[in-house]
Each structure stands twice: as structure tokens, then as C-alpha cells.
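Comments concern the structure below.
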Amino acid sequence: MPEIVSGAPLSQARLNGAQQAAVEYPGEPLLVIAGAGSGKTLTIAHRVARLMAQGVDPDRILLLTFSRRAAEDMVRRAARLLKHSLPSIPGVLPWAGTFHGVGARLLRLYAARIGLEPGFTIHDREDAADLLDLARQERGLADGKRRFPRKHTCLAIYSAMMNTGAPLARVLQDAFPWCAAWETELTGLFLAYTDAKAAQGVLDYDDLLLYWAQMMDDGALAGEVGARFEHVLVDEYQDTNALQGRILFGLKPDGRGLTVVGDDAQSIYAFRGARVRNILEFPQRFDPPAKVMLLEQNFRSTQPILAAANGVMSLAAERYSKALWSDRPSDERPRLVTVQDEVAQAQCVIQEILAHREGGMTLRAQAVLFRSAQHSALLEMELIRHNIPFVKYGGLRFLDAAHVKDVLAVLRWAENPRDRVAGLRVLKLLPGVGHQTAVRPLDCVVARADVAGGLQDQPPPSRGQAAWGRFLALMTALRCATAIWPRDISLVVAWYAVHLGRLYDDAPARQADLDQLTQIAAVHPSRRQFLTELTLDPPAAISGESGAPARDEDYLTLSTIHSAKGQEWRAVYLLNAVDGCLPSDMATGRQDEIEEERRLLYVAMTRARDHLQIVVPQRFFVTHQAARGDRHVYAGRTRFIPESLLGLFDVVAWPPAPVADAPPDPGTGAVVADMRARIRSLLERGGA
Ligand code: ATP
Ligand code: MG
């Protein structure tokens, strides 16, 4: 097997001394803990390439990343390195992906051994909430007389319990105190939900980790699965939760073969059960303790951007040990731009984006970041008006659009006839079938575990007999075990086209989305694989809003800060740097929540390579205020950039003329309200 020796092409790839040492460190467990942009991800990519160059079978390398997109990037990087040095080694890594994606694959492989049906289907968060809702209705908890938590809150509570392993009472007390009175009912509901999943052969996202972790508690199985992988490498380790920790230590109990990298200052997923303790306590979990390596040079950002980001973190309640420096000098400090309102914010950002593009910077090199998905709504309208193509990450996605979910539900039901959420959604698409009339046929299908067989015996609805007949023919065609892929999806889309016009006003736009879905389906080998991968981690091309531009086009990125993790752009614009948005007013309660919001600002700022612009609108238009009607409210600059840090920024107003602090002109309210209505209708088009 080819051996990489020091000085061979791989090590030429411009790593600095500390990075090189981390890549070449000969043993594990190994923890690389370092600040943003210090090359942690690059180091992992090099380490993977090096392992492959040393002859480790790629099939025996498990690479766990935060998103599928991140995994693809990393594999590409490793492949490039290998091509450079050892062109004969294929740069593929079959086991690179997210914890959830890899979990799903392993569970299918070991299903028979652990008592799981290999044909299970996976519910995304929306479907999981719907199934919880069915259970909630069956238990009389949704009668409207009492203010029982809504389905998404129920799911959030359930998910917090599963991911932290904490008892319900504690989860309620810590994170959902307003639901504490419902502890008994919630316990019953969660049991019913668990039973329903088992009966229907479905797993939700949390189950993928739970079952995998459970599998790792079985000594023999853990040994077997652990032995599959000679090396396990994890990026963004600071955002793993207790379950993910259990999985890793189950796979590699003595730490041999285990490499993790992360940054405690970028831990931003505590709200989903991630615990920064995982990374801080990592070394001591082993005897002898894991090797810890630090990287201190930031290669991404200019010195002034880094100084401002470090300034923000210097005010954190917790201390972070890393002193990052950059040797990329620049005269340009990050800009802190005050604008009158969100309309001006959108105009200001667009002007700046276009100016950069004029100067030769592609749209792809630029990104607009925000704390919550809805913060970009106004900007999106303006971008469309200016014909600036964009892709949005986080928030409403192509796959959440109702028509896409309809088509996927048909395929899911064909795949797993016991999936009641899918079945109910599909039946209700048919004319003459409502929630009540769907129950009997649904029961019948579930009992026979066969859609076409179960429906055949049912009387068609009195209105819509022809449609019922066509639906039966479709499900019969989809039933055959040797279903031909991707013919199945073409059949479903053709069938659905008839209903599309009846169900929605804007059928042509939706049809275009479905054509795109059909194309994506064609690259997957089977129906089951298509459904699994799409549910877990859709390819980047369709994570954005419907109508995402083609791959080769130049487009701007819009992203929540959470979804921007690990990425970088030459120019970054951060919207709504005001208290109430960042920190989010959902989180202004506890100190630890506030600290997580501060780290979010740090993550956002450290995405920028050359230009950073932070926008502070002075007032917001608030709608749906029952007591006081729609009105403007005044906002203050985020508390994370107090006076003492202003020297690190170029503080300007836009437009350059001084912004009047006068009370709002009543006429403006109507314009903005109108704009809001348009946005709402745009968003609702995709709503489930
Ligand atoms: P984050 O904390 O945001 O995940 P990271 O520590 O993973 O960041 P990388 O994304 O690996 O950092 O690297 C940041 C940028 O710096 C990338 O553009 C990378 O190519 C570049 N970089 C890293 N190391 C070097 C180096 N030694 N020489 C030149 N550029 C480098
Ligand atoms: Mg990284």
C-alpha cells in the first residue's frame, strides 16, 4: 500500500505547523479544539485523505458531519488532495454523512437483529407532529376547551426528553414551564405516540439516534458495529448531544480510531439538546486522556473582522481559552449600519450586494444571514424585484411545500401502508373524502398492510367515484414489490396533476417544482432510498425555497445563522442586529440562553472573509397586535455590541443623510402593511 511520508505531496498542501501536526498525529483518541476559521474542517479532510493514502479501506472510515452538504464538501476536499498525490485512489467515502443519515443506514442493515422491520419509513418533524396530533385527538386533548400544548410544542418537549435523556418533569420545568400542569397527560400522549410509531413501522428523527445508541449498549452488537469502522472522525463536535456522545463511545470505547474537532465558542444547538460538556469532557473520558491539540491562526477572516468577533466573545460570561489571530491585514473594519426600518435594510443590503458584484465578486461569494427564517421575508421580495437569484437555507423549504409533501406522501404510503399520517394526507386529497370519511379506509389498509388491497373493499365516496377509481389504479401500480424506479414518481406526478388545479390556484408553478422533484428522484437507485435520503437530508440543490436556481447559475445565499455553520463567504451581511431579534425575544429569559445567542452572533461574524456588514434597523412594523393594531415599534442595537465595542466597527447610517428619529409617517404604515400582505401570500403558497 502506498505510504505517505513527510514531505510527500499531501503534506505540501499549505498547512501550518499546528495543522500539520494534527493531521499527522499518529494515535487516537484525538481532540482538535480551536476557534472559527482555524482550519479544523480542513484538518479533518487532510486526515481522511492521509488515512486513505495509507491504505485504509474507505469503507472503514466513518465521517460524521453536521449536514450532508458539509459531508459532500469534505469528501470533495479529501478527493482533491488525493488526486493531487495519489490519482489511483478513488476519492469516495461511502460512510460520510450526518448522524441521522448514517443511523438510518445502520438501522436498516441491522434491523432484523434488533427487532426492527427493515422497511421502516422515516417521519420528518412535520409528519411526526401530525402523528402526535392524531394521538392527541384520540385522547381528547385537542377539544379546544383546554389550552393543551399544540402539536409542535408537544414534539419539541418529546424531542428534548429523548435527546437529553432527562425526565419529563425536568424538561418541563427547565424549558416549557407553561406546560408543567400537563405532565400526566403528556406522559400518556408520548406513550401513545410511541405505540403508534411501532404499530405503523415509522421512526422519527430522534428514533434514529435513540435506536442507534440503544444498539451500542448491547456489547456484542456494539463490538460488531464498532469493528466495521477502523476510523471515526467527527466535525463540529461541540454541537453533539448526549445520545450522539453515547453512540461514539459505544463505537470506540477506548477511543482508538476516534478523532473529533470542534469549537466550544460556536456551540449553538443547546436548544436541541446539544451539550458543550461533550467536547470539554472528551479528553477525560479515556484513560490515558485523549490528546488535545489547539489551532490558533484564523485563515478565513481579515484581522479587523476577527478583532470584532473576538471583541464580542470577550464579553461572554464564560471564558473561552483560544486566542485567535489572523495575518490578513485590511483597512476595512466591519460596518455597523443603522437604517430606518426593514425596508431600508433590504434596500441597503441589495445596493451593497450589487456594488460588490459590479466590483467582480460573484453572488455566490456573498451571503445574507439572519437569526430567524422569517427575518428575510422583505429582503426576498426585493431580491425578486431586482431579479437577483438566491437560495435560502433554513426555514421554509422546497420539501415543506404542500404539493411536494402530497406527492411524497403517496410514495411513502405505497412504501409503508401502515403509515397513517401519509395515508390520511393522501386520502384527503381525493374529492369527497374528509377527515371522518378517511378513517375507515385507512383502518382497512393498515389492517391488511396493503393500500390497493385495503381500498378495494371500500365503497367509493359518493362524490368523486371516478377519482377514487383512478386512485385505486395508481396504488395498484405502485404496489408491486419490484416497483420500477423512477417510473413510480412519474406515475404519481401524472396522477396528481389532475388534482393540482383543483387544490391550488397556482398550479403551473407547483407543477414546475414537481418536475424538479422527478429529476432529483431519477438519480436515486430505489424508492426507499429516495424517500429516506430526502427526509433526512435533502441535497443542497433543493434545500432552498421552491424555484431554486440551477446549479451553474450565480446566486446569492440567504441563510439562518444555524444553517450557516462551518461555511464562509467573501461578503456577509447580517440582518436585524437588534435586541428582540438577536438575542431572539424567544430567548431573553435565562442567562445560558442569552449566552447561546451571543455565540450565534460570533458564528455569524466569523463566516465573513473580507467584508462584514451588520445592519441595525431602528424600527419594526409589528402586525397582529390585537390590543393596539399594526404599528411601528422602536428597536435597540443588539446588547452584544455595546458602546465599548463600537471602536471595532465602522459605524455608519444609511442612507448617508442622518436618519430622522421622528415619529413614523402614517402613510408608510400602509405601504409596509401592503408589502407584508404580499409576503404572507407568497409564504402561504408553500405552507403545508
Ligand atoms: P469553522 O469553525 O467555521 O468550522 P474551521 O476551523 O473548520 O472553521 P476551515 O473551514 O477548515 O476552518 O478553514 C477556514 C478557511 O481557511 C478555509 O477557507 C480554508 O481553506 C482556509 N485555511 C485553513 N488552513 C489554511 C492554511 N494553512 N493556509 C491557507 N488557508 C487555510
Ligand atoms: Mg469547520
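Under the condition of being touching a Lys or Arg at 6+ places or on another chain (Cβ under 9 Å), closer than 22 Å to Val75 by Cα and touching a residue at least 60 places away in the same chain (Cβ under 8 Å), the residues counted in the stretch 209-236 number 8.
Looking across the stretch 46-66, the residues that are closer than 26 Å to Arg609 by Cα and touching a strand residue (DSSP E or B) at 6+ places or on another chain (Cβ under 9 Å) come down to Arg47, Val48, Leu64, Thr65. Checking each residue in the stretch 46-77 for being buried (at least 21 other Cβ atoms within 10 Å of the Cβ), more than 10 Å from ligand 2 (Cβ to nearest atom) and part of a helix (DSSP H, G or I) picks out His46, Arg47, Val48, Ala49, Leu51, Met52, Ala53, Ala71, Val75. All told, Val23 falls short of being under 26 Å from the mean Cα position of the chain (by Cα) and surrounded by 20 or more Cβ atoms within 10 Å (Cβ to Cβ). Within the stretch 398-412, being touching a residue at least 40 places away in the same chain (Cβ under 8 Å) and not β-branched (Val, Ile, Thr) holds for Phe398, Leu399, Asp400, Ala401, Ala402, His403, Lys405, Asp406, Leu408, Leu411, Arg412.
Only residues that are touching a residue at least 60 places away in the same chain (Cβ under 8 Å), assigned to a loop (DSSP other than H, G, I, E, B) and within 12 Å of Tyr211 (Cα to Cα) were counted across the stretch 97-131, and they come to 1. Of everything in the stretch 554-611, what is closer than 20 Å to Ala365 by Cα, away from ligand 1 (no atom under 14 Å from the Cβ) and in a loop (DSSP other than H, G, I, E, B)? Give them in sequence order. Passing the criteria: Asp554, Tyr555, Leu575.
Remark: pairs (first residue in the stretch 370-381, touching a residue at least 40 places away in the same chain (Cβ under 8 Å); second residue among the small types (Gly, Ala, Ser) and in a helix (DSSP H, G or I); Cβ separation under 8 Å; 6+ apart in sequence or on different chains) = Phe370/Ser376; Leu378/Ala346; Leu379/Ala346; Met381/Ala346.
Yes/no matrix, rows are residues, columns are (1) under 17 Å from Leu534 (Cβ atoms); (2) modelled with pLDDT under 90; (3) under 21 Å from the mean Cα position of the chain (by Cα); (4) buried (at least 19 other Cβ atoms within 10 Å of the Cβ):
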site	(1), (2), (3), (4)
Ala367	no, no, yes, yes
Ala373	no, yes, yes, yes
Leu378	no, yes, no, yes
Met381	no, yes, no, no
Arg385	no, yes, no, no
Gly395	no, yes, yes, yes
Phe398	yes, yes, yes, yes
Asp406	yes, no, no, yes
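Scanning the stretch 291-311 for residues that are more than 16 Å from ligand 2 (Cβ to nearest atom) and either assigned to a loop (DSSP other than H, G, I, E, B) or buried (at least 22 other Cβ atoms within 10 Å of the Cβ) (or both) yields Thr302, Ile305, Ala308, Asn310. Applying a threshold of 6 Å to beta carbon distances and a minimum spacing of six or more residues, or different chains, the list of pairs starting in the stretch 556-572 at a residue that is touching a residue at least 40 places away in the same chain (Cβ under 8 Å) and within 12 Å of Leu600 (Cβ to Cβ) and ending at one that is part of a helix (DSSP H, G or I) and more than 10 Å from ligand 1 (Cβ to nearest atom) reads Thr560/Ala373; Ile561/Leu600; Ile561/Ala604. Among the residues of the stretch 485-525, those identified as assigned to a loop (DSSP other than H, G, I, E, B), surrounded by 14 or more Cβ atoms within 10 Å (Cβ to Cβ) and out of contact with any Pro (no Cβ under 8 Å at 6 or more places or on another chain) are Pro486, Tyr504.
You will find that of Ala242, Ala270, Ala274, the residue that is more than 22 Å from Asp59 (Cα to Cα), within 16 Å of ligand 1 (Cβ to nearest atom) and either touching a helix residue (DSSP H, G or I) at 6+ places or on another chain (Cβ under 8 Å) or touching a residue at least 40 places away in the same chain (Cβ under 8 Å) (or both) is Ala274 and no other.
Looking at the stretch 13-41 only, could you name the residues that are outside any helix (DSSP H, G or I) and either in contact with a Pro (Cβ under 7 Å, 6 or more places away or on another chain) or more than 11 Å from ligand 2 (Cβ to nearest atom) (or both)?
Once the filter is applied, which keeps residues that are outside any helix (DSSP H, G or I) and either in contact with a Pro (Cβ under 7 Å, 6 or more places away or on another chain) or more than 11 Å from ligand 2 (Cβ to nearest atom) (or both), the stretch 13-41 yields Ala13, Arg14, Leu15, Asn16, Tyr25, Pro26, Gly27, Glu28, Pro29, Leu30, Leu31, Ile33.
Within the stretch 140-185, how many residues turn out to be under 28 Å from Thr535 (Cα atoms) and either out of contact with any Phe, Trp or Tyr (no Cβ under 9 Å at 6 or more places or on another chain) or of a type in the set (A, V, I, L, M, F, W, C) (or both)? So the count comes out to 19. Looking only at residues in the stretch 438-461 that are touching a Pro at 6+ places or on another chain (Cβ under 6 Å) and not charged (D, E, K, R), the one that is surrounded by the most Cβ atoms within 10 Å (Cβ to Cβ) is Val451. Exactly one residue among Pro329, Pro288 is closer than 25 Å to Gln20 by Cα, within 16 Å of ligand 1 (Cβ to nearest atom) and part of a loop (DSSP other than H, G, I, E, B), and that residue is Pro329. As a summary of the residue check, Ile268 satisfies the conditions (1) touching an Asp or Glu at 6+ places or on another chain (Cβ under 8 Å); (2) more than 16 Å from ligand 2 (Cβ to nearest atom); (3) part of a loop (DSSP other than H, G, I, E, B) except for the one numbered (2).
The values are calculated or read from the model by the stated rules, or taken from the named source; none is laboratory data. Keep in mind it's a predicted model, so treat the numbers as computed, not measured. No Cβ is skipped: glycine too gets one built from the backbone with ideal geometry, and neighbour counts run over all protein chains shown.
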